[in-house]
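These notes concern the structure reproduced below.
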Amino acid sequence: MAPVVQQIDELGSFRLGEGPHWDEETQSLYFVDIMGKSIHKYTPSLKKHTELTLDKQVSFIIPIKGSSDRFIISLQLEIAILTWDGNSSTPSNIETVVVVEGGLENNRINDGKADPMGNLWAGTMSINADIPVGPVTGSLYSLNTSKQLKSQLSNIAISNGLAWSKDLKKMYYIDSSLRRIDQYDLDASTMTLTNGQTLFTFEKHDVPGFPDGQTIDSDGNLWVAVFQGDRVIKIDTKKPETLLYTLKIPDHQVTSVVFGGPNLDELYVTTAGEKLHQSSPECLLKGRVYKVTGLSAKGLPGDRVIL
């Protein structure tokens, strides 16, 4: 049976849908609209969608372990704790944890994700970044469970997709401008990255567009959103430069992916509806969220931040 790509009609269109996170505890999908400065919660079983608008660009929302109403979010260059009941149109509280790159007003935090140990990883980019080159002013950071910030990588144009191997010995990472997926050896005890290598190169496989967000399945394969590529690709982490599958999406600017649903076998896909980086006029720019079933793949439970 072929996979089924379904547009989620009860969710509208988004200027820059991003950062999907599936929360097992509430069986809900959290995501953001970066350019719309808004946070979204969608509970499929109820077909319920709630929205929270903020006064700064927000690029991710991740629940905090042990809490039902506290989340880690980004606000431009701030990492903050949001207190929100998931229903109200206003937050109960927003508390800044740390300001990243305080002197780089033209930068903002982009993709962020919790690793399986509860640490937050998040990278930056120039707000004026353009594909394929743009200003190379971004970095990748980690924030451990003691709220200590550590610079991990620098000289990055557009910091994007993050994923970790099940044994926590590898981290997979994307700087979109490079049109490739990299892998690093990870020392989980010290949160240290070494031995950076290229895992998959778009040019070698004639994949159009740019890699954006990514997630990993229970078999250790990466599912990578392809911005300006109308697709999600599945690649093998055990055999470099191996393209396993191409999933076409009826939206040109595919931004990120996450597995969700009761059995973690549904792929949720976010896209951008606002024309970015010279997308050609004939491309579909709907900015919708999609659910894909029938992929014969399962994800891993989404990790919460520990703070």
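Data table
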read-out	value
Solvent-accessible area per residue, Å², over the range 12-57 with all protein chains present [probe radius 1.4 Å]	41 Å²
For the range 195-307: relative contact order, % (alpha-carbon pairs under 8 angstrom, 6 or more apart)	22 percent
Relative contact order [Cα under 8 Å, 6+ residues apart], the range 18-162, whole percent	14 percent
Rel. contact order, % - alpha carbon contacts under 8 angstrom, at least six apart, the chain	18 percent
Probe 1.4 Å, protein heavy atoms only - accessible area per residue of the range 165-307 in square angstrom	39 Å²
The chain - percent of accessible surface contributed by carbon and sulfur, probe 1.4 Å	47 percent
Rg/Rh (Cα only; Kirkwood hydrodynamic radius) as it applies to the chain	0.92
Enclosed volume per residue, in Å³, of the convex hull spanned by Cα atoms of the range 24-161	117 Å³
Bins of 10 Å from zero: percent of alpha-carbon pairs in the range 112-179	22, 49, 25, 5
Additional length obtainable on full extension of the chain from residue 248 to residue 154, 0.36 nm per residue less Cα span	30.6 nm
With all protein chains modelled, accessible area of residue 65 [1.4 Å, Å²]	130 Å²
Too-long pairs where the Cα-Cα distance tops 25 Å, listed order kept, from 113/166; 41/113; 65/170; 204/286; 169/239; 234/291	204/286
By accessible area with a 1.4 Å probe, ligands and nucleic acids excluded, highest first: order of 206, 230, 251	206, 230, 251
Neighbourhood net charge (11 Å Cβ-Cβ; Lys/Arg +1, Asp/Glu -1) for residue 298	-4
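The values are calculated or read from the model by the stated rules, or taken from the named source; none is laboratory data. These figures come from a predicted structure and were not determined experimentally. Cβ sites come from the backbone with ideal geometry, for glycine too, and all protein chains shown count toward neighbours. Calculation scope for accessible area: heavy atoms of the full protein, side chains included, ligands and nucleic acids excluded. Shrake-Rupley method; radii C 1.70, N 1.55, O 1.52, S 1.80 Å.
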